Amino acid sequence: MDEAPRHVLHHLPKCGGNSLKQALLAHFVLVEDYAHRGMLAQDHEPAEVFANRRLDLDAVHWDAIPPRLLTGHFDLPGCRLFERYPETAAPPYRRITFLRDPLARAVSHYRFARRTGRFLIEQDSLETFLDAQRNPVARLIAADPEDALEALKAYWFVGVLEEVDRDLAAL
């Protein structure tokens, strides 16, 4: 008998992950693996503390009904998905993620950061902030941003936020 698929949602920040999680609740029970984020940047859980709270994936009841879905940002240094759970790059794991138009994602990130004060943004203007962006999503997917397209091959499903209804139906 084949092992049950183990689904992992790589919730890329500012790519519609919270809405996706709500939609996926109709099919999965979420197993969340997020670092604690305080209201201010200095209140965030340090990466080294989060790194020590790694989930035991063998203890997750993947074959339960409804099935489990591991989800997290995996955005801290040393805790990116390919570092934290490298085993998820191959079956029986099925990595899922959704991408977003890069400009729309960056503008959303800037507005969120300015509104909440949760991230230290030294740039005053949106233009300066955008100029400082160096493909942050690629850094979350691959150790070397130049390898991001190759790294996406380890994902079972890659959706596009701007086509979310179509892609959720395909998923």
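Some notes on this structure:
- Exactly one residue among Pro67, Pro92 is open to solvent by less than 70 Å² (accessible area, probe 1.4 Å), more than 16 Å from His10 (Cβ to Cβ) and in contact with a strand residue (DSSP E or B) (Cβ under 6 Å, 6 or more places away or on another chain), and that residue is Pro92.
- So Phe50, is it open to solvent by less than 60 Å² (accessible area, probe 1.4 Å), under 26 Å from Asp167 (Cα atoms) and not charged (D, E, K, R): no
The values are calculated or read from the model by the stated rules, or taken from the named source; none is laboratory data. As the structure is a computational prediction, the values presented were derived from the model and not from experiment. Positions of Cβ are backbone-derived with ideal geometry, glycine not excepted, and every protein chain shown enters the neighbour counts. Keep in mind that these areas ignore ligands, DNA and RNA; they rest on the heavy atoms of the full protein, side chains included. Shrake-Rupley method; radii C 1.70, N 1.55, O 1.52, S 1.80 Å.
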